[in-house]
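Trainee: My questions will all concern the structure given below.
The values are calculated or read from the model by the stated rules, or taken from the named source; none is laboratory data. Just so you know, these numbers come straight off a predicted model, no measurement behind them. Cβ sites come from the backbone with ideal geometry, for glycine too, and all protein chains shown count toward neighbours.
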Amino acid sequence: NPGSLLTTKGSRGGTVALLSSDGGVYLSGSQHFRNYLQNAPRLFVDKVLLSTGVKSRVLEGAADAVDSLAGPLDADFAKVVFVRQSRTEVPNSYLRDTKSGSLVRLTNNTDLTPEFTALQRKQITVTRADGIKFVVQVTLPADYRAGTRLPGMFWFYPFEYTDQAGYDRTLRTFNVNRFPNSGPRTIEFMATQGYAVANFDPPIIGETGRMNDNYVADLRMNLYAVIDELDRQGFIDRTRLGIGGHSYGAFSTVNAMVHTPFFKAGIAGDGMYNRTLTPTGFQSEQRDLWSGQKTYLDMSPMLYADKMQGALLMYHNLEDQNVGTAPISSIRMMQALRSEGKTAALYQYPYEDHGPATQETILDLWARWTAWLDIYVKNAGAPQKPVATAAGVSGN
């Protein structure tokens with residue numbers, strides 16, 4: 001990775017290469033290493049003299065932190081501003097003097113969610129029955145003790161690849177030194193409620209142009225592998241598992257609940273559950289409905305609504321503008337589950353696009369998710385009244 005050319009605004013308003021006083025240009029990028037867990041990606045800035053092609057390094061990120069270039073204060077990189085974060089330090093801006101090496105902190109950002117930062121995090125590698133390996137991020141309560149089996153909550157989003165190497169290339173950007181920032185919709189919230197949370201992007205492997213022919217089989221193998229490994233390491237009670245996802249993750253959540261017996265409950269948001277409603281392709285699927293009809297139908301969980309196991313909580317935003325996730329999909333899925341007597345509920349949120357954003361919606365989601373999972377997963381088997389039955393709820 002030679003890096004990308006650094007530019008600046010020219011005297012006439014356009015973008016031009018940043019040129020040093022001795023006639024050099026700058027290339028900036030991330031240096032990657034084979035073992036990304038032991039040697040995390042590292043920022044670099046190189047200067048290349050146009051007259052000779054000689055390259056020299058003017059800035060390199062720390063080995064135990066994540067440094068991101070904000071920009072130099074002069075054309076010779078004598079002083080440069082960058083943002084640094086680590087596993088224990090929130091992102092802050094710094095001024096470095098590249099001549100003396102002195103470092104001055106410019107901002108004083110603080111950790112706004114210490115309860116999330118204190119959670120225990122582990123990265124584990126799981127192996128499918130066919131030998132394919134992939135990574136799972138496990139988050140545990142701050143006071144977790146080894147060997148304690150917790151109810152589990154999976155959150156996932158599958159991606160398509162042609163082979164193991166294709167998946168492995170996506171791991172290059174992972175940085176073990178990154179501060180554990182938690183957004184308002186992070187599923188890690190459930191770790192604060194006593195769950196073992198598993199977050200992963202499992203691979204769907206297939207030939208170019210036909211990757212999804214193996215979707216259902218790969219979905220099963222992926223979930224088997226995660227459950228078996230988390231069970232082997234003593235993190236989860238495999239009889240109390242929930243699963244969820246957003247968009248394509250929601251679609252895959254419902255597929256998991258109709259094609260496997262593992263999950264007591266699911267949470268699916270802004271999903272598409274009938275692939276005939278996306279007839280010209282979706283995700284990495286390049287075939288249209290008529291040339292890939294069997295795959296489209298096999299992947300449509302609505303057609304298997306009668307096989308649903310567990311209690312499904314759906315949510316869908318009424319202003320969802322994503323072409324592949326029209327709100328009608330969730331409405332029809334709810335009707336199908338109702339007709340089959342399944343335990344399900346649907347909540348629809350006004351004025352929200354493809355992904356909830358307002359404080360009111362997000363707080364409402366967390367209240368409903370926590371109650372749903374506590375009843376159907378954490379306290380599975382306890383004689384309690386359900387939050388909602390197959391009659392469901394529509395509206396906010």
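Trainee: Only one of these conditions is not met by residue 375: (1) out of contact with any helix residue (DSSP H, G or I) (no Cβ under 9 Å at 6 or more places or on another chain); (2) at pLDDT 95 or above; (3) outside any helix (DSSP H, G or I); (4) not hydroxyl-bearing (Ser, Thr, Tyr). Which number is it?
Mentor: Going through the list (1) out of contact with any helix residue (DSSP H, G or I) (no Cβ under 9 Å at 6 or more places or on another chain); (2) at pLDDT 95 or above; (3) outside any helix (DSSP H, G or I); (4) not hydroxyl-bearing (Ser, Thr, Tyr), residue 375 breaks only (3).
Trainee: Might you check whether a residue that is touching a Leu at 6+ places or on another chain (Cβ under 7 Å), at pLDDT 95 or above and not in a helix (DSSP H, G or I) occurs anywhere in region 285-303?
Mentor: No, region 285-303 contains no residue that is touching a Leu at 6+ places or on another chain (Cβ under 7 Å), at pLDDT 95 or above and not in a helix (DSSP H, G or I).
Trainee: In addition: Say we look at region 161-178 and pick out the residues that are of a type in the set (Phe, Trp, Tyr) and farther than 21 Å from residue 63 by Cα; which of these is farthest from the chain's Cα centre (by Cα)?
Mentor: 161
Trainee: Which pairs do you get when a residue that is touching a residue at least 24 places away in the same chain (Cβ under 8 Å), found in region 174-191, comes within reach of a residue that is acidic (Asp, Glu), reach meaning Cβ atoms under 7 angstrom, with the pair 6+ apart or on two chains?
Mentor: As it stands, the answer is 177/64; 179/89; 182/188, since those pairs meet every condition given.
Trainee: Quickly run through region 1-38 and pick out the residues that are touching a Gly at 6+ places or on another chain (Cβ under 7 Å), of a type in the set (A, V, I, L, M, F, W, C) and within 24 Å of residue 178 (Cα to Cα).
Mentor: Residue satisfying the conditions is 27 alone.
Trainee: Against the conditions (1) outside the structural domain of residue 164 (by TED's automatic domain parsing); (2) without any contact (Cβ under 8 Å) to a residue 40 or more places away in the chain; (3) closer than 30 Å to residue 221 by Cβ, where does residue 122 fall short? Just the number, please.
Mentor: (1)
Trainee: Considering only residues that are surrounded by 15 or more Cβ atoms within 10 Å (Cβ to Cβ) and at pLDDT 95 or above, which ones fall in region 93-110?
Mentor: The answer is 93, 94, 95, 96.
Trainee: So, one more: Going through 24, 10 one at a time, which residue ends up being modelled with pLDDT under 95 and not hydroxyl-bearing (Ser, Thr, Tyr)?
Mentor: One residue alone meets the criteria, 10.
Trainee: Can you confirm whether region 213-224 contains a residue that is over 22 Å from residue 189 (Cα atoms), assigned by TED's automatic domain parsing to the domain that holds residue 137, of a type in the set (Asp, Glu) and over 16 Å from the mean Cα position of the chain (by Cα)?
Mentor: Scanning region 213-224 turns up at least one residue that is over 22 Å from residue 189 (Cα atoms), assigned by TED's automatic domain parsing to the domain that holds residue 137, of a type in the set (Asp, Glu) and over 16 Å from the mean Cα position of the chain (by Cα).
Trainee: Next up: Please work out which one of (1) under 19 Å from the mean Cα position of the chain (by Cα); (2) surrounded by fewer than 15 Cβ atoms within 10 Å (Cβ to Cβ); (3) at pLDDT below 95; (4) not hydrophobic (A, V, I, L, M, F, W, C) is the condition residue 133 fails and give its number.
Mentor: So residue 133 meets the others, but not (3).
Trainee: If you go through region 153-171 one residue at a time, do you hit one that is surrounded by 15 or more Cβ atoms within 10 Å (Cβ to Cβ) and farther than 24 Å from residue 284 by Cα?
Mentor: Yes, some residue in region 153-171 is surrounded by 15 or more Cβ atoms within 10 Å (Cβ to Cβ) and farther than 24 Å from residue 284 by Cα.
Trainee: Among the listed residues 303, 318, which satisfies the condition of being of a type in the set (A, V, I, L, M, F, W, C) and closer than 16 Å to residue 260 by Cα?
Mentor: Step by step, each of 303, 318 is checked, and only 303 is of a type in the set (A, V, I, L, M, F, W, C) and closer than 16 Å to residue 260 by Cα.
Trainee: Still on this model: When the residues of region 234-262 are narrowed to those that are among the hydrophobic types (A, V, I, L, M, F, W, C) and within 20 Å of residue 124 (Cβ to Cβ), which ends up surrounded by the fewest Cβ atoms within 10 Å (Cβ to Cβ)?
Mentor: The residue in question is 262.
Trainee: Which of the residues spanning region 308-338 are among the polar types (S, T, N, Q), farther than 26 Å from residue 378 by Cβ and in contact (Cβ under 8 Å) with a residue 24 or more places away in the chain?
Mentor: Result: 317, 321, 322, 325, 329.
Trainee: Moving to a separate point now. Within region 275-284, identify whether any single residue is of a type in the set (A, V, I, L, M, F, W, C) and either outside the structural domain of residue 138 (by TED's automatic domain parsing) or without any contact (Cβ under 8 Å) to a residue 60 or more places away in the chain (or both), and answer yes or no.
Mentor: Yes, region 275-284 contains a residue that is of a type in the set (A, V, I, L, M, F, W, C) and either outside the structural domain of residue 138 (by TED's automatic domain parsing) or without any contact (Cβ under 8 Å) to a residue 60 or more places away in the chain (or both).
Trainee: Which numbered condition in (1) hydrophobic (A, V, I, L, M, F, W, C); (2) under 30 Å from residue 237 (Cα atoms); (3) part of a loop (DSSP other than H, G, I, E, B); (4) modelled with pLDDT under 95 is the only one that residue 116 fails?
Mentor: Unmet condition: (3).
Trainee: So, one more: Only one residue in 190, 221 is surrounded by fewer than 22 Cβ atoms within 10 Å (Cβ to Cβ), under 28 Å from residue 120 (Cβ atoms), modelled with pLDDT of 95 or more and aliphatic (A, V, I, L, M), so which one is that?
Mentor: After ruling out the rest, the residue left standing is 221.
Trainee: Also: Being in the same structural domain as residue 241 (by TED's automatic domain parsing) and under 25 Å from the mean Cα position of the chain (by Cα) narrows it down to one of 347, 304, so name that one.
Mentor: Of the residues listed, the single one that is in the same structural domain as residue 241 (by TED's automatic domain parsing) and under 25 Å from the mean Cα position of the chain (by Cα) is 347.
Trainee: Next question. From the list 83, 90, which residue is within 24 Å of residue 176 (Cα to Cα), of a type in the set (A, V, I, L, M) and touching a helix residue (DSSP H, G or I) at 6+ places or on another chain (Cβ under 9 Å)?
Mentor: 90
Trainee: Follow-up. Check region 61-79 and report whether any residue there is farther than 19 Å from residue 3 by Cα, of a type in the set (Lys, Arg) and out of contact with any helix residue (DSSP H, G or I) (no Cβ under 6 Å at 6 or more places or on another chain).
Mentor: Yes, some residue in region 61-79 is farther than 19 Å from residue 3 by Cα, of a type in the set (Lys, Arg) and out of contact with any helix residue (DSSP H, G or I) (no Cβ under 6 Å at 6 or more places or on another chain).
Trainee: Go through region 138-168 and give me each residue that's in a strand (DSSP E or B) and under 19 Å from residue 220 (Cα atoms).
Mentor: 152, 153, 154, 155, 156, 159, 160, 161 - these are the residues of region 138-168 that are in a strand (DSSP E or B) and under 19 Å from residue 220 (Cα atoms).
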